[in-house]
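The values are calculated or read from the model by the stated rules, or taken from the named source; none is laboratory data. Source: prediction; values computed, not measured. Glycine gets a Cβ as well: all are built from the backbone with ideal geometry, and neighbour counts include every protein chain shown.
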Amino acid sequence: MKRLWISLMIAALLAASPVSCVHAETEHEVWTLTTQDGQQLTQIAAPVTVGDEYIAQDNRTYRVSAVDEASHRATVQETGQEAAVAQAFFPFVRALAAEKRIGLYCTHSDESYENGDGAYSLEESWAGIHDVAATLKSWLEDKDVTVEFNTDSFLPHDAGAYRRSRAAAMELAKSGPAAIFDIHRDGIPDASEYETEVDGEKVTKVRLLVGRSNPNSAENKQFAVQLKSVADEAYPGLIKDIFIGKGNYNQELMPDSVLLEFGTHTSDKDQVLASTQYMADVINMTVFGGAQGYSQKAQRAQESESQTVPGAVSPPQNSPGTAVRQSAQTETQQRSGSGVWIAIAIIVGLAVVAVVGFGALSGGGFSGLGESMKRFSSEVTGGLFGKKPRE
Amino acid sequence: MSLGRILLLAVSVLVLFGVGQRVLDRMRLNDRQALLVIAAIFAGGFLPSIPLGGSISVNIGGALVPFGMCIYLFICAGTAKERWRAVIASVLTAAAVLLMGRLLPDEPETMPFDINYAYGIAAGIIAYLLGRSRICSFIAGVMGVLLADIAQAVINGVRGVPVNLNLGGAGALDAVVLSGFIAVMLSALVGTLIERATGKSERHARIVDGRQVFATRGKERKP
């Protein structure tokens, strides 16, 4: 009883300690990626580690080869360039989803914009980042896409946020969306890194983030590259870059799952919201093979005009031919099929290692392991095979 | 396939091949019961969470089945001492989960490994230090995460921060389930290694004629 009271007191002290009261987002370490000849590539609002990958706006690919903890600088080594062929054939290289459904959620529910929300972090049920996701949702819905937006709060903004948002991501995944996006904003102080113009309109860029510590990492990265490829053709400059770092960001739940960073906390919020229109178009084109700039409202308006104005033409419904779609589906099936075989291989490997290791350790060596196997065989076959356990 | 599902499938395979027999013995389970629990966690995880009013909900596979398992283990625990250890380990694990959330960096790219596995490791270590018990480990792993989530919701409510509590919402992939299994596996592995290294045989409980018996290689005595 005394132990219980002591442990309760320790737990209460820990929970009430000043460090546990830090709930809002804190200032992040800002790291700089530089090439070996000292050229600055970008900034990242989190520590960078050796092995992290980076795909720059010009599609050059890099790998972090060294990090300097003191100066927060990471040196990268150029590893190549994303294949231009994949871009040229896009969107024919992936199977298009049958049902136009997308899932959205915001793990860091407090993220906001100083220039628009008045603070970079708002611990309210609706923060600036929810506005971004809601605007993206409305643009997607204008493209006939059904959007399930989970507006739950996962506060505090701490190391447990992704654990809490995992339930939301899982709930979204259950409804069978074609893709899931976790909507964020960056934390680097330099807003100019995110400033750009698309079709003459000032907007902020979007950074794609992929976690490399999950079994779907390759598929997540491929999806991110596909999104960027489409954006590079349709709206050059909209996608800032792709960072592939540690962590899983709940991306293990779906292959087509990516974290989107809309601007940074110092960006102009109106420009951030303006970028959602183009990003919705990129998602619609990439995931569903939609036509660039397709808008339900615009089409309706044009249809009503066409009834009165002879010769008016509706926006084209750009959908790939059946043969191309079938070949794309086959490719995706092969891609996902390889993932299944890898998973099965991991399970079998783990089981073999565990069976041999544990058996050798705990069951009197390999003879004990054999006894155990015989007993199990006897149990499942009703004594037909194996060795009956001693009464 | 996620690591969580791989872990559960690996545990199922281990149970099927009888490898975890001694761990299951200590957890007062037979092969079929263990597989049934794993199947219930899998199936229950695919069902929608049950709303409990407000913004609170609970998932069958991710929270109710593991919680039920904890109740069963708590009742089946050999002694009152072991039950107290389970309670203490759960409370300390919950505090550790809360503290890890605060102290560790909030961006996953800064973590050397997935934080979802850290909770189970903490629970396994705490429970093992308290009494080298597999039962304590599982209860601490599951209840530690559940209590931490509830405590966080209470803290949010007190501070006027929005409260959304979905206990075990990610089903079989939730930290509740992962933590419980990782804690037991860690406890079993460390326990076996230490006992092998020190040359001391394990003292484990079995049910004989409806009564619990502690056995030490050839010797059996009643508690």
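Can you pull out the residues in the stretch B:44-61 that are away from every other protein chain (no Cβ under 12 Å) and buried (at least 16 other Cβ atoms within 10 Å of the Cβ)? The answer is B:Gly44, B:Ile60. Only a single criterion out of (1) of a type outside the set (Ser, Thr, Tyr); (2) surrounded by 20 or more Cβ atoms within 10 Å (Cβ to Cβ); (3) at positive phi is not satisfied by A:Ala169, namely (3). If you check B:Ala197, B:Ala205 for being assigned to a helix (DSSP H, G or I) and at pLDDT below 90, only one passes: B:Ala197.
For every residue, the table says whether it meets (1) within 30 Å of A:Gly176 (Cβ to Cβ); (2) touching a Ser or Thr at 6+ places or on another chain (Cβ under 7 Å).
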residue: B:Gly45; (1), (2): yes, no
residue: B:Ile50; (1), (2): yes, yes
residue: B:Val58; (1), (2): yes, yes
residue: B:Leu64; (1), (2): yes, no
residue: B:Cys70; (1), (2): no, no
residue: B:Ile75; (1), (2): no, no
residue: B:Ala80; (1), (2): no, no
residue: B:Val87; (1), (2): no, no
residue: B:Leu103; (1), (2): no, no
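Does the stretch A:180-225 hold any residues that are surrounded by fewer than 19 Cβ atoms within 10 Å (Cβ to Cβ), touching a strand residue (DSSP E or B) at 6+ places or on another chain (Cβ under 7 Å) and in a helix (DSSP H, G or I), and which are they? Within the stretch A:180-225, A:Ser217 is the sole residue that qualifies.
Could you please find all residues in the stretch A:275-298 being surrounded by fewer than 24 Cβ atoms within 10 Å (Cβ to Cβ) and among the polar types (S, T, N, Q)? Passing the criteria: A:Gln277, A:Gln292, A:Ser295, A:Gln296. When the stretch A:80-108 is filtered for residues that are modelled with pLDDT under 95 and polar (S, T, N, Q), the ones remaining, listed by number, are A:Gln81, A:Gln87. The residues of the stretch A:26-40 that are within 12 Å of another protein chain (Cβ to nearest Cβ) and either crowded, with 18+ Cβ neighbours inside 10 Å or touching a Leu at 6+ places or on another chain (Cβ under 7 Å) (or both), listed by number, are A:His28, A:Trp31. Across the stretch B:102-127, the qualifying residues are those that are facing chain A (nearest Cβ under 7 Å) and touching a residue at least 40 places away in the same chain (Cβ under 8 Å), and the one among them that is nearest to A:Gly160 (Cα to Cα) is B:Asn116.
Results for (1) crowded, with 19+ Cβ neighbours inside 10 Å; (2) in the same structural domain as A:Thr204 (by TED's automatic domain parsing); (3) charged (D, E, K, R); (4) part of a loop (DSSP other than H, G, I, E, B), shown as yes or no for each residue.
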| position | (1), (2), (3), (4) |
| --- | --- |
| A:Thr42 | yes, no, no, no |
| A:Thr61 | no, no, no, no |
| A:Ala66 | no, no, no, no |
| A:Ala70 | no, no, no, yes |
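Scanning the stretch A:244-273 for residues that are among the aromatic types (Phe, Trp, Tyr) and more than 10 Å from every other protein chain (Cβ to nearest Cβ) returns a single hit, A:Phe262. Just one of the numbered conditions (1) buried (at least 20 other Cβ atoms within 10 Å of the Cβ); (2) at pLDDT 90 or above; (3) more than 9 Å from chain A (Cβ to nearest Cβ) is not true of B:Leu8: (2). Here is a check on your reading of the model: is A:Ile183 farther than 21 Å from A:Met254 by Cα and among the hydrophobic types (A, V, I, L, M, F, W, C)? No. If only residues of the stretch A:165-201 that are more than 10 Å from every other protein chain (Cβ to nearest Cβ) and among the acidic types (Asp, Glu) are counted, the one that is nearest to A:Tyr105 (Cα to Cα) is A:Asp182.
Please find, among B:Leu98, B:Leu130, B:Leu146, B:Leu64, the residue that is more than 8 Å from chain A (Cβ to nearest Cβ), part of a helix (DSSP H, G or I) and surrounded by 24 or more Cβ atoms within 10 Å (Cβ to Cβ). None of the other options fit; the residue is B:Leu146. Taking the numbered list (1) closer than 17 Å to B:Met27 by Cα; (2) of a type outside the set (Lys, Arg); (3) part of a loop (DSSP other than H, G, I, E, B) in turn, B:Trp84 passes all entries but (3). On the given criteria, is A:Tyr162 within 14 Å of chain B (Cβ to nearest Cβ) and crowded, with 24+ Cβ neighbours inside 10 Å? For A:Tyr162, the condition - within 14 Å of chain B (Cβ to nearest Cβ) and crowded, with 24+ Cβ neighbours inside 10 Å - is met. A search for C-beta distances below 8 Å between a residue of the stretch B:46-57 that is of a type in the set (Asp, Glu) and any residue that is at pLDDT 90 or above and in a loop (DSSP other than H, G, I, E, B), counting only pairs 6+ apart in sequence or on different chains, returns nothing. Of all residues in the stretch B:175-184, those that are modelled with pLDDT under 90 and facing another protein chain (nearest Cβ under 9 Å) total 0.
Exactly one residue out of A:Asp117, A:Asp199 is over 19 Å from A:Val258 (Cα atoms) and either touching a Lys or Arg at 6+ places or on another chain (Cβ under 8 Å) or of a type in the set (A, V, I, L, M, F, W, C) (or both): that is A:Asp117.
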